[in-house]
Amino acid sequence: MKTIGLIGGMSWESSAEYYRLLNEFTRERLGGLHSARCVLYSVDFAEIEELQVAGEWDAAGKILADAARGVVAAGADMVLICTNTMHKVADAVQDAVPVPLVHLADTTAGAVGSAGLRRVGLLGTAFTMEQDFYRGRLARHGLDVLVPGPEERALVHRVIYEELCLGVVREESRAAYRAVIDGLIREGAEGIVLGCTEIELLIGPEHSPVPVFPTARLHAEAAVELALSES
């Protein structure tokens, strides 16, 4: 099995889910006591969040690029950025290392396409919902991407940073998210992309009348497939 390099800590709540998922998928594939070969570089999210708010993406990209070099030096054969938002600096990370970056938006778009869907609603941080680095990547795969209105985007963003990243899961927030999902469905969304890895702590398939696409789960599954491939 190839070694999976993880750039995590953004937040560690979802990074812990990545570790669990990688090992579960590996055990499903190989059985017995098998677990995933992986290395993790966990950054200080407080530092990254300050750079996000300040718009200092180049500085954040340098931190993640250094992290990528670290996991490759530790033996990683591929790199995963364990957060949707920080794929804004995916090019800087890929440029820093000689191994492939498994892009989260590509794995998500592949799952949506395999489900036969084209129009999806996107939930995530304000950066992910409003900027083109993620929406545009999905669109290049032929997807039509819908996002909530301004007030709903603010709510979704607030819950991520003030609750989910701190490990707080509230039923009131789940109900609010379900209302946002219902609004996207009324606009024509055939599926919902959970475009923040923490959202999977709050929303599952049972909370939406249309398919949901849990990006951390899809990312981890794609990494295990690549790690076990012969190519």
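The values are calculated or read from the model by the stated rules, or taken from the named source; none is laboratory data. What you are looking at is a predicted structure, and each value in this text was computed from that prediction instead of being measured. Backbone-built Cβ (ideal geometry, glycine too); neighbour counts: all protein chains shown. Side chains are part of the model used for accessible areas, which takes the heavy atoms of the whole protein and leaves out ligands, DNA and RNA. Shrake-Rupley method; radii C 1.70, N 1.55, O 1.52, S 1.80 Å.
Could you grab me the full set of residues in the stretch 47-72 that are touching a helix residue (DSSP H, G or I) at 6+ places or on another chain (Cβ under 6 Å) and open to solvent by less than 20 Å² (accessible area, probe 1.4 Å)?
I48, A60, G61, L64, A65, A68
Given the criterion surrounded by fewer than 20 Cβ atoms within 10 Å (Cβ to Cβ) and over 28 Å from I181 (Cα atoms), identify the matching residue among D132, D144, D44.
D44
Can you confirm whether G167 is under 21 Å from S15 (Cβ atoms), open to solvent by 30 Å² or more (accessible area, probe 1.4 Å) and among the small types (G, A, S)?
yes
Restricting to the stretch 13-36, name every residue that is outside any helix (DSSP H, G or I) and either among the basic types (K, R) or surrounded by 15 or more Cβ atoms within 10 Å (Cβ to Cβ) (or both).
If the condition is that a residue be outside any helix (DSSP H, G or I) and either among the basic types (K, R) or surrounded by 15 or more Cβ atoms within 10 Å (Cβ to Cβ) (or both), then A36 is the only one that fits.
Could you identify the single residue in E172, E230, E221 that is free of Cβ contacts under 8 Å to residues at least 24 places away in the same chain, of a type in the set (D, E, K, R) and closer than 23 Å to V102 by Cα?
Of E172, E230, E221, the one residue that is free of Cβ contacts under 8 Å to residues at least 24 places away in the same chain, of a type in the set (D, E, K, R) and closer than 23 Å to V102 by Cα is E230.
For the stretch 180-199, name all the residues that are open to solvent by 50 Å² or more (accessible area, probe 1.4 Å) and in contact with a Leu (Cβ under 9 Å, 6 or more places away or on another chain).
Matches in the stretch 180-199: E187, E190.
Using beta carbons and a limit of 6 Å, which pairs, at least six apart or on different chains, have the first residue in the stretch 186-213 and under 29 Å from F45 (Cβ atoms) and the second one open to solvent by 20 Å² or more (accessible area, probe 1.4 Å) and assigned to a loop (DSSP other than H, G, I, E, B)?
Once the first residue is under 29 Å from F45 (Cβ atoms) and sits in the stretch 186-213, its partners that are open to solvent by 20 Å² or more (accessible area, probe 1.4 Å) and assigned to a loop (DSSP other than H, G, I, E, B) give G191/L117; G191/V210; G191/P211; L201/V169; L202/V169.
When M1 is evaluated against the numbered criteria (1) of a type in the set (A, V, I, L, M); (2) open to solvent by 20 Å² or more (accessible area, probe 1.4 Å); (3) in contact with a Cys (Cβ under 7 Å, 6 or more places away or on another chain), which criterion, by number, is the only one it fails?
Only one criterion is unmet by M1, namely (3).
It is to be established whether one or more residues within the stretch 112-128 are open to solvent by 40 Å² or more (accessible area, probe 1.4 Å) and touching a Lys or Arg at 6+ places or on another chain (Cβ under 9 Å).
So far as the stretch 112-128 goes, no, none of its residues is open to solvent by 40 Å² or more (accessible area, probe 1.4 Å) and touching a Lys or Arg at 6+ places or on another chain (Cβ under 9 Å).
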